[in-house]
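Student: My structure is below; once you've seen it, I'll send some questions.
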Amino acid sequence: SALGIGVHLEVWDLGRIGSEIGIGKPPPPVEIDFEERFGNVLPCLTEDPSGTEATVHVAFVPGWILGRISHDYGPRLLESNVRTYLQAGGKVNKGILETIVNEPQRFLLYNNGITCTADKVELDETGEGISRVVGFRVVNGGQTTSSLGRAFNAQASEVDESRRLAGISVQMKLVEVPPSGSGSTEGETLVASISRFANRQNAVNEADLSAHHPFQTAFEKHAMRTPVPVEQAPVYWYYERLRGQYQSELLGAASAAEKRKLKEKYPAKLKVLKTDLAKYHNSWDQRPWVVSLGIQKCHKDFMEAVDRGSSGLS
């Protein structure tokens, strides 16, 4: 807009409104013939987990193919996902688009890939290539898929669509779940479970991302060999560079005696978190407006100061 504010427009006609509230026939399942549409099968590895009726196929999908599929089917791909496309304004989706534009060759390195389900997967005669899928859905990775579709459309000036999103590939886990028989909801339940568990993971905090920063590894070594002045036997600070590191080290002790020695050398009360260090340093630096933002933003500000060399720590 004239004010510099991004505007997203969607047209809702009677057909779309009716579909949204459940009027009319449901859309047909997404069917993709890779050989006919894209000129080749999709190489894959296949596994049949014992005790299940599902089959798992793992493949690397060229970015332009996934972008074209997103362009062709849009929100229909995400009907079993926990979210629709959240647009490009969010931090994660903005980062995905920046990688597509600036570092496409590293997209596979940075991206977690997608998890999909299908009612039917047809393989070629070798059994090592996906030739056709029926009932294709993206249950995890909707933001990746939609971002590639958006970038695919943005590069529409390319004459050959296969030249778009050059250098990008996406890891895909495709679970073949046969459609439920009459009166049975087992297949639908399995698809719902795959979607739920594929989207359930421990949150990664901003501070977690700095765990391998050279400053953090150097500070850990320094802290853990610096004794704390006490009257008893020397004890040391435990700088927890990785979240949960202290407890993991105790659990990994070979014996009760070794565990006791660790706790004596590094008492739990002397454990210092990365976010603690940032909070203490910014407090000492008389920057309460940063400390009050919360531990994650405080830590981010502290690490930016470290990178600038203005933290006073070396």
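Student: Of the residues in the range 229-241, how many are over 9 Å from residue 265 (Cα atoms) and exposed (fewer than 11 other Cβ atoms within 10 Å of the Cβ)?
Tutor: Residues flagged as over 9 Å from residue 265 (Cα atoms) and exposed (fewer than 11 other Cβ atoms within 10 Å of the Cβ) within the range 229-241 amount to 4.
Student: Let me ask something else. When the range 298-314 is examined, which residues are found to be surrounded by 15 or more Cβ atoms within 10 Å (Cβ to Cβ) and either among the basic types (Lys, Arg) or without any contact (Cβ under 8 Å) to a residue 12 or more places away in the chain (or both)?
Tutor: Scanning the range 298-314 gives 300, 305.
Student: Across the range 115-140, what is the number of residues that are crowded, with 23+ Cβ neighbours inside 10 Å, more than 15 Å from residue 73 (Cα to Cα) and without any contact (Cβ under 8 Å) to a residue 60 or more places away in the chain?
Tutor: Number of matching residues: 1.
Student: Give me a count of the residues in the range 242-277 that are at pLDDT 85 or above and assigned to a loop (DSSP other than H, G, I, E, B).
Tutor: Final tally of qualifying residues: 6.
Student: Hey, can you tell me all the residues within the range 31-46 that are of a type in the set (S, T, N, Q) and surrounded by fewer than 15 Cβ atoms within 10 Å (Cβ to Cβ)? Can you show your working first?
Tutor: Just the residues of the range 31-46 that are of a type in the set (S, T, N, Q), to begin with: 40, 46.
Correct list: 40 only.
Student: For the subset of the range 278-294 comprising residues that are in a loop (DSSP other than H, G, I, E, B) and of a type in the set (S, T, N, Q), which member is surrounded by the most Cβ atoms within 10 Å (Cβ to Cβ)?
Tutor: First pass over the range 278-294, keeping only residues in a loop (DSSP other than H, G, I, E, B): 285-287, 292-294.
So of that shortlist, the ones also of a type in the set (S, T, N, Q) come out as 286, 292.
Working: 286: 8, 292: 10.
By that ranking, first place goes to 292.
Table: residues versus (1) modelled with pLDDT of 95 or more; (2) of a type outside the set (Phe, Trp, Tyr); (3) surrounded by 15 or more Cβ atoms within 10 Å (Cβ to Cβ).
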site	(1), (2), (3)
18	no, yes, no
27	no, yes, no
48	no, yes, no
55	no, yes, yes
64	no, no, yes
71	no, yes, yes
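The values are calculated or read from the model by the stated rules, or taken from the named source; none is laboratory data. The structure displayed is predicted, hence computed values, not measured ones. Note that each Cβ is placed from the backbone with ideal geometry, even for glycine, and that neighbours are counted across all protein chains shown.
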